[in-house]
Amino acid sequence: MENFQSPPPRRLLAPIILCLACGLTALVLFVASLVSWLAEYVYSEACAALIVGLAFAILSFVIYFVAARRSIEHFKEHIETIYDVAFTARAGYRRVVDFISSLLK
């Protein structure tokens with residue numbers, strides 16, 4: 001039988017950080033070019049920045065509330081199960097403590 005050697009650990013953190021940095025850079029460049037393009041139509045960079053910022057703020061609130069609503073609904077659906085598991089764990093812990101204390105008496 002051959003000696004099995006485990007594969008070397010993958011370096012995962014560095015590529016993820018690099019990907020996030022590149023994505024953030026692309027987003028910043030996109031927003032800057034969008035503001036520059038919109039400034040040509042409204043003849044004011046400040047107004048263009050305000051419009052783009054407001055659009056991104058609305059988009060972020062919509063994304064947040066959609067994601068939060070789903071999470072809250074998921075939590076509400078499973079709250080009874082979570083309560084039952086916690087109650088069972090607490091009862092089991094008390095039984096173990098009572099058993100150990102009865103042995104020590």
Practice problem: Kindly provide the set of residues from segment 51-76 that are among the β-branched types (Val, Ile, Thr) and either open to solvent by 70 Å² or more (accessible area, probe 1.4 Å) or touching a strand residue (DSSP E or B) at 6+ places or on another chain (Cβ under 6 Å) (or both), ordered by number. | Solution: 51, 58, 62, 63, 72
Quiz item: Tally time: how many residues in segment 77-89 are modelled with pLDDT of 80 or more and loosely packed, with under 10 Cβ neighbours inside 10 Å?
Solution: 2
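Which one of these is modelled with pLDDT of 85 or more, on the phi < 0 side of the Ramachandran plot and touching an Asp or Glu at 6+ places or on another chain (Cβ under 9 Å): 35, 42, 96, 52? So that I can check it myself, show each step before the final result.
Values: 42 fails: touching an Asp or Glu at 6+ places or on another chain (Cβ under 9 Å); 96 fails: touching an Asp or Glu at 6+ places or on another chain (Cβ under 9 Å); 52 fails: touching an Asp or Glu at 6+ places or on another chain (Cβ under 9 Å).
Matching residue, one of 35, 42, 96, 52: 35.
The values are calculated or read from the model by the stated rules, or taken from the named source; none is laboratory data. A quick note: this is a predicted structure, and the numbers were derived from the prediction, not measured. Cβ: placed from backbone, ideal geometry, glycine included. Neighbour counts: every protein chain shown. Heavy atoms of the whole protein, side chains included, go into the accessibility calculation; ligands, DNA and RNA do not. Shrake-Rupley method; radii C 1.70, N 1.55, O 1.52, S 1.80 Å.
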